[in-house]
Each structure stands twice: as C-alpha cells, then as structure tokens.
Amino acid sequence: QVQLVESGGGSVQAGGSLRLSCAASGRISSISVMYWYRQAPGKVRELVAFITTSGTTNYAESVKGRFTISRDDAKNTVFLQMNSLRPEDTAVYYCKMIMIGWTGWGQGTQVTISS
C-alpha cells in the first residue's frame, strides 16, 4: 500500500510564498508523473502543475511564472514552490502520483491567502 502525505500549507498575505511537499511511502516502484491540483470552495478541482520523470513540467496559465514544481525521486517527493501568492490561490491543494497500475492522491493541504 502506498500513502501520500502532504505538508507546507498555511495562511499568508498576498505577495507571500509557501512551499508544499508531498511524500510517498510504502510499496513504491517507479513513480512516473507527479501532479499538484487545487480545489477552491464551490469550484471544481483543477490541475495546477505536473512534472514527468524526465523533468518536463507544465503549468496552469494562472500560475505560470509564480509557481515551480520539482521532484526528488530519491525521496519519492514532489514540491510546489508558490511565490507572489494571490487571494485567488486560496484552495485545498492535492498531490497526485502515478505508478504502473496505481494512482494515488494526498489528503489535501489548505492554502489561504489574505489580501
């Protein structure tokens, strides 16, 4: 069984920064793509960014230039560095990872940005 545990959420003022982490533990083989999603109150869950095994990254337009996704395969961990945060970035942030035959989600971490 594999578990994903997120950390790093919190409350900051607009313009501030936060760094989210998501670590996988358990019976882990090769993790392919790692993702970050977010869900704001009353809205559908949306893709924020993903990173492949080769390091290719992709970002939602709303976070380009402000957020950076990275991964540490030795620690089975994905990070999301969030800078220049805005009130509209307020949401629960979820990580997702994919291995052969398995897809898992983290429990979510709250990010709240005040104006």
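The values are calculated or read from the model by the stated rules, or taken from the named source; none is laboratory data. Predicted model, so just to flag it, every value in this text is computed and none were measured. Neighbour counts are summed over all protein chains in view; Cβ atoms, including those assigned to glycine, are modelled from backbone coordinates with ideal geometry. Ligands, DNA and RNA are excluded from the accessible area calculation, which covers all protein heavy atoms including side chains. Shrake-Rupley method; radii C 1.70, N 1.55, O 1.52, S 1.80 Å.
Here are a few things to note about the model shown:
- Amide H partners (placed H, <5 Å) of residue 58, local residues excluded: 50
- Sulfur and carbon atoms: percent of accessible area, the chain [1.4 Å]: 49
- The simple Förster model, with R0 at 22 Å and r as the Cβ-Cβ distance, assigns residue 68 and residue 90 a FRET efficiency of 0.70.
- Here the convex hull built on the C-alpha positions of the stretch 1-104 has a volume of 100 cubic angstrom per residue.
- In this Cβ point-charge picture (+1 for Lys and Arg, -1 for Asp and Glu), the chain has a dipole of about 40 debye about its Cα centre.
- Sequence-distant contacts, meaning Cα pairs under 8 Å at least 6 residues apart, place the relative contact order of the stretch 31-77 at 30 percent.
- Relative contact order computed over the chain (Cα-Cα under 8 Å; 6+ residues apart), in percent: 36
- Surface accessible to a 1.4 Å probe, per residue, for the residues of the chain, Å²: 52
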